[in-house]
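The structure appears below as structure tokens.
What follows is calculated from the coordinates using simple rules that are stated; it is not laboratory data. Keep in mind that what you see is a predicted model, and the values were worked out from it rather than measured. For neighbour counting, all protein chains shown are included, and Cβ atoms are generated from backbone atoms with ideal geometry for every residue, glycine included.
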Amino acid sequence: KSITETSLLQKQVYSRNKSITETSLLQKQGYTSFWNDCISSALRGAMLVELALRGRIHLQPQSMRRKPLLERKVMVKSDAPTGDTLLDEALKHIKNTQPAETVSSWIDLLTGETWNPMKMHFQLPQVRERLAKSLVEKGVLTTDKQNFFLFDMTTHPLANEKEKERLLQKLQASLLDRWTNDPHRLPRRTLALLVLAHGGDVLEKALAALPDAQYVTAGQRARDMLETNANQHSGKATNPTEEIIWAVLAAVNRG
């Protein structure tokens, strides 16, 4: 499985962040696994997280009757352009949609997973290809062709091995040397990286190179944090961005 598309997204789409998406396209062969169908949802989840990090969206405020994360609507805080084409496309859809939709609904809609023909236009096309092209321009990837029996496929092999290693070390350290034993004390982008690597089904691969004892420790800490009730975590959130991150976790765990 590809270990870098979930973090390559935040390196490309969000060049200031450089973390959530490189962990999946950054492979030597330059393409993602045909068997991993989680990547698309993780990429759309990363877009929602990045919009929240940039102060563009937040969840509907809680009322006296506390709603679960996946029942709270996504609201627009600011419609100012981000300067990123994909993020601005997603933000425009969210702004112009009434009634508002939830995080899980937006992940499905932006991925194109809907049976409603009136909502098919929400799908963001060719996201992986657009992200890869941007990473080629940044010198992180290159462009190549690979033959798959009956057809040729454009691939994007890794050009910068150091960038991949930097991202893997950051993810591994968050569960080992820099582990806080409290996810609410993690930097928000580190928390998002872990959530999206988990959602993209690439986290285990990213930990695979660790020695056995560290692999067991990191894996257990990740499971304890990422396979629990996201609603409980969100109740301790200190800002709107964290609520979006926990809502994305709830959505990917719902599967």
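Please find the FRET efficiency linking Q232 to S78, where r is the Cβ-Cβ separation and R0 is fixed at 30 Å, and quote it to the nearest 0.05. Before the final figure, lay out the partial values.
Numbers: r = 29 Å, r/R0 = 0.97.
Efficiency for this residue pair is about 0.55.
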Using a Förster distance of 25 Å, the FRET efficiency for T143-T85 (Cβ separation, nearest 0.05): 0.80
Extension gain (nm, one decimal) between E71 and T154, 0.36 nm per residue minus Cα-Cα: 25.9 nm
Label-point separation, S63 to N239 (7 Å along Cα→Cβ), nm: 2.8 nm
28 Å Cα-Cα threshold exceeded, pairs from K95/K205; K67/K95; K133/K205; K138/K170: K95/K205
